[in-house]
Amino acid sequence: MNIKGMHVIVITLLLGIFSCSSDPSIEDQMVDPTKEDGGENPPEETLSHKEKAMATYEMIQELYKNGDLYKENFPEQSGEREYSYLWPYVGMLTAGNILYELGYERSILDKEFEGLNAYYDDRSNLPTYQAYPVSGGSTDHYYDDSAIVAMELIKAYELTNDSFYLDRAKKVTEFIMSGEDSRMGGGLYWFEGQSENCTSGPNCMKAANTSAYAAYVATEMYQLTNDTQYLTFAKRVYDWTYNTLRDPSDNLYWNDINIGSEEINTTKWTYNAAMMIMSGINLYEISDDQEYLNQAISTARAAYSKFTKVINGRIFYQTNDSWFNVELLTAFIQLSEYDSKSDEYVEVFIDNMDYAWENARNDEGQFYEDWSGNNQGRYYWLLHQAALVEAYGRAAIYEKQ
């Protein structure tokens, strides 16, 4: 600038493991709907994950749709603009791809990608997508935004075989790759406006998200095109992120390193772990170098330990930033092909999202940011709702629905 219940014996063991992180104050605030109504109401009809993905998409259409685009929030928040920024819009691209992959009409995919054109800055040098629709004036171009767009363009190409998507992904990837230079030894800036000659300030930095996303996109492009420039770039940026922003104590990733102060922002996010797992898997598949897979597995183990805790006898992933968390779900699903423990991590995610369906939605059908149902959080943000379309869709694909 997202089931299968745990066996009692597993929960009992995990309670022992995670009891030190359980917060009694949170547990006391939890609401059990079956106790509130005495358990007399009949159970809601059970929907498949595929159906839940579509139902969530339809809710978004009803509440957030604004012409060909979407509103940033529902209800509207103070100071927001007419349309959403690019980041939450990309969540709807993912929704279009996943719903089509699940067998729904291709018109959904087409509609979302047609709307994406509103953000495309077709400038003469390094055209890419900007942060807000071009009709609203010029805004900056973020390397991480462009990377998540490129991921969806690549997926749309794989699903439809329409060469437009691959051609556009090539252009966007060229922009992404321009965000790397040798300052701080490598890595990518956060956005273009800070990529030339910045010397101080919080945004003058090299970031884990931009670098890990860039490495992943480049591996995907290499697998599609066999163009070695992508693989060379991906390995270099992956290695920089691993060597510069990895915490060796747990194999998770710090957020960024500031160029002016050379200080590291030690915040750790689920999506940074996710993208390094996914990049590592791709590099393993390309090179057959076991070390990449070992690194991915080590990060997955640490991410599950770091980003889960027990609330009211259930394991939940962190109760904020739903879209970040769903990136981790995607990584675990990809890793499960090589690592059986990752299936366990996926099952906890599926348990979380099914619990959220019953216990963490408001009267409009919007999901709370906190899937445990304890706090609504930023439920009004489009991205947090789009994350659930992706989550249910990925669960459905994982379960071969």
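Things to note:
- Test: residue in segment 268-275 that is basic (Lys, Arg), surrounded by fewer than 20 Cβ atoms within 10 Å (Cβ to Cβ) and under 24 Å from Glu220 (Cα atoms): no
- Matching residues, segment 342-361, being of a type in the set (A, V, I, L, M) and either closer than 13 Å to Leu328 by Cα or touching a helix residue (DSSP H, G or I) at 6+ places or on another chain (Cβ under 6 Å) (or both): Val346, Val348, Ile350, Met353
- Restricting segment 157-174 to residues that are hydrophobic (A, V, I, L, M, F, W, C) and under 14 Å from Val217 (Cα atoms), the residue that is surrounded by the fewest Cβ atoms within 10 Å (Cβ to Cβ) is Leu166.
- The condition of being in a helix (DSSP H, G or I), within 21 Å of Trp254 (Cα to Cα) and touching a strand residue (DSSP E or B) at 6+ places or on another chain (Cβ under 7 Å) holds for only one of Ala303, Ala296, Ala331, Ala274, that being Ala303.
- Unmet criterion (only one of (1) assigned to a helix (DSSP H, G or I); (2) acidic (Asp, Glu); (3) farther than 18 Å from Gly115 by Cβ) for Asp140: (1)
- Only a single item in (1) assigned by TED's automatic domain parsing to the domain that holds Ser107; (2) under 23 Å from Ile277 (Cα atoms) is not met by Met205, and it is number (1).
- Complete set of residues in segment 62-119 that are more than 20 Å from Arg378 (Cα to Cα) and among the acidic types (Asp, Glu): Asp68, Glu101, Glu105, Asp110, Glu112, Glu114
- Contacts under 7 angstrom Cβ, first residue in segment 89-100 being in the same structural domain as Glu158 (by TED's automatic domain parsing) and at negative phi, partner modelled with pLDDT under 95 and in a helix (DSSP H, G or I), 6 or more apart: none
- In segment 241-251 there is no residue that is assigned to a strand (DSSP E or B), within 30 Å of Tyr157 (Cα to Cα) and outside the structural domain of Asn325 (by TED's automatic domain parsing).
- Qualifying residue in segment 104-116 (condition: assigned to a helix (DSSP H, G or I), surrounded by fewer than 17 Cβ atoms within 10 Å (Cβ to Cβ) and of a type in the set (Val, Ile, Thr)): no
- Evaluated against (1) in contact with an Asp or Glu (Cβ under 8 Å, 6 or more places away or on another chain); (2) part of a helix (DSSP H, G or I); (3) closer than 24 Å to Phe324 by Cβ, Leu159 falls short on exactly one condition, (3).
- Of all the listed residues (Tyr57, Tyr64, Tyr100), the sole one being out of contact with any Pro (no Cβ under 7 Å at 6 or more places or on another chain) and farther than 21 Å from Phe324 by Cα is Tyr100.
The values are calculated or read from the model by the stated rules, or taken from the named source; none is laboratory data. Because the structure is a prediction, the values reported are computed rather than measured. A quick note on method: Cβ atoms are made from the backbone with ideal geometry, for glycine too, and the neighbour counts reach across all protein chains shown.
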